[in-house]
Each structure stands twice: as structure tokens, then as C-alpha cells.
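Data first, discussion second: the structure below is written as C-alpha cells.
Values quoted throughout were computed directly from the atomic coordinates according to the rules given, and no laboratory measurement underlies them. For clarity, every value in this text was computed on a predicted model and none was experimentally measured. Every residue, glycine as well, gets a Cβ built from its backbone with ideal geometry; the counts of neighbours run over all protein chains shown.
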Amino acid sequence: MAELAPFLKGPQKIGRLCSAQLGDVCNLKLEKSLLKMVVQGAQVPTQKQDVSENFVSSYSGVNKSGKDGRVLKEDILRHAILKGIIKDSIGNENADSRDQFLKGEEYPSYVPAELGSQHGDKKVPLRGFQRVMVKTMSMAAKVPHFHYVEEINCDALVELKESFQNSNTEPGVKHTFLPSLIKSLSVVISKYPWINSCFNEDSMEVVLKGSHNIGIAMATPSGLVVPNIKNVQSLSILEITKELSRLQQLALANKLNPEDITGGTITLSNIGAIGGKFGAPILNLPEVAIIAIGRIQNVLCFADDGNAYPASVMTVNIGADHSVGWGDCCKILQ
């Protein structure tokens, strides 16, 4: 019987369990810092013979989670706790660290499947819009993306929002920057119609869309969805605001209609809504362009003469299908 170095006596003086030799079973060192995390404050046996006999006799069932079937320190400690080799009389002050270890939070890469199942793991099938989004994103990842980033001075946009908010006091209408940006994108589309198109790989054709159906990426409890506002070129900012609010409410309630998420021609991703400054968006196929906008920040800028001035600045990133061949997407943000 192999001998193990004894623990130091006393519940708060956990020594090092040194596995000098366990025959053909294993040859591991259980370091003090790792063991202490689990058993600090426990009633630790002081007889080394009892420890060695219990440990070796129970070792055959240890889950080997390491590469090529190797036994890791975490495997032995979990096994010792689950088998009762280390008796559990841990107080409230130590229970959190013990539970954290057993749940694998300290070593998430090596949590055995059977151990994880004891702590409430469950499978969540993807359905509906989520399943469609997974397939679409997987296909979009294969498309060669070209991204162009620019910083935009938004002082005029800030003034426009304040003016619009003061002149439109309709109850229940929340005024934000996004409706104005959606309308601005529609104006840009009129000048650069190629960004409002769809690519058909089978027929090798690009269809320039006449309607400006601008999709808005939304994060919901059920995942990412991209409903679109139809015919933005014919809508006022107030009408866009109301339609955006309608889509947001339906998305949060998981009640979007199929027509709300189909027929989009270009997508706008407002990462600024979650505090983001910059993002590299993935195309929403079969569209050939997507635009990500960051949050508006008050920064110090410098004029050509070297004088400093404050400005409201937003980072904009346009992503395009590079295989389509247009190379003037940078002009859109000028």
C-alpha cells in the first residue's frame, strides 16, 4: 500500500497531500493551493493510513478528463469529495468555494459530463427565428467580407434630434437617434443604389432593389432577429419611429410576423444601443451590405489650424460582399 504524506492537524491547517507513489494507479502531486480550495475548514483525517486506504480503494472510478485519458488533479479532488473521502462539514463561509469548485467554475475545461448533469445542465433546442439565424450566419461566414471604418461628426444629428423632439410631442413616442439614422441611410441608398441590393450566386446576378427595406438587428431573449422597416424612402422620421417601436415590442414578445423579417435589402446594426463603440458585422444574406454604428461619444477634436474643439463622434463600420466587386463603398461614409 502506497503511503501518502499526512495532513497537518487542525481544520484550518491543510497541508500538502503528496502522492509520492500510488503504484500503477497514478503519479500526481496534489498541490496545497488546489486542495485547500476544496477542503479548507473540513474535518480532515489525521491518520495517513486511513487516507491512503480510502483514496486508493476508491480510485478506480475516477473520471479521466485529461488528454489521452490522463488523470488530472481536478479529477482526483472531485472524486475524493463525491466519494466522501473528504468528509463534508464545511461551514457557510467555505461552502461557496466548495460549490464553485464542484460546479467546475474554477476549471470549466475539465468538468466531467456526469458531474455537470448533477448541477442542472440542460439541452435547449434552437427553433424558429434562432434556427434560421444560425443557418444564415453560417452561410454568411463563407462570404468574403470587406469592412471600412470611419468616424462621423454627429453634431448636426444631435441638433436634429433635439429639434425633432421639441416639435413632436405625441404621447407614447420615444425619440432616439436611430430613426434619423435609418432615414439618412435611405438618402445614401438613393445616391449609391448598389448597397441596397441582393446577390444571387446561382444565377450570378445582382438585383438592385427599388424599395429601401432597412433591417434593424435586435437582441431579444430568444436570440438575434433582424426585422425590417419597409419602404423607408417613403416614410417620415416620425413614421419610422413608430414602426421601429412596433417591431421592437413584437421582437421582445417573440411575436414577429414572417413578413416582418423577410424582404430586407440592407441591415443596420446599432451596437451603440448596448454601449459598444465598434463592431465588425456579418452580412445578412442575400444582402450585400451591412452597417454597424457605435455609440455617440463626446470627444476632443482638432481643426486643421490645430485648435481643439469638442464634438459628438460616432464610429461607423460598413461591411460589404467583396466578391460582388464594388470598390467605392468607402465613399458612402465620406
*List every residue pair whose Cβ atoms sit under 7 Å apart, with the two residues 6 or more apart in sequence or on different chains, where the first one lies in the range 119-141 and is within 28 Å of His322 (Cβ to Cβ) and the second, anywhere, is in a helix (DSSP H, G or I).*
Phe129/Ile261
*Tell me which of these Ala280 doesn't satisfy, since it passes every other one: (1) loosely packed, with under 15 Cβ neighbours inside 10 Å; (2) free of Cβ contacts under 8 Å to residues at least 60 places away in the same chain.*
(2)
*Does the range 126-177 hold any residues that are over 22 Å from Ala217 (Cα atoms) and not polar (S, T, N, Q), and which are they?*
Asp155, Ala156, Val158, Glu159, Leu160, Glu162, Phe164, Glu170, Pro171, Gly172
*asked:* Can you say whether Phe177 is closer than 15 Å to Ile291 by Cβ, surrounded by 13 or more Cβ atoms within 10 Å (Cβ to Cβ) and either of a type in the set (D, E, K, R) or in contact with a strand residue (DSSP E or B) (Cβ under 9 Å, 6 or more places away or on another chain) (or both), as far as the supplied structure shows?
replied: yes
*Which one is nearest to the chain's Cα centre (by Cα), of the residues in the range 254-275 that are surrounded by fewer than 15 Cβ atoms within 10 Å (Cβ to Cβ) and assigned to a loop (DSSP other than H, G, I, E, B)?*
Gly275
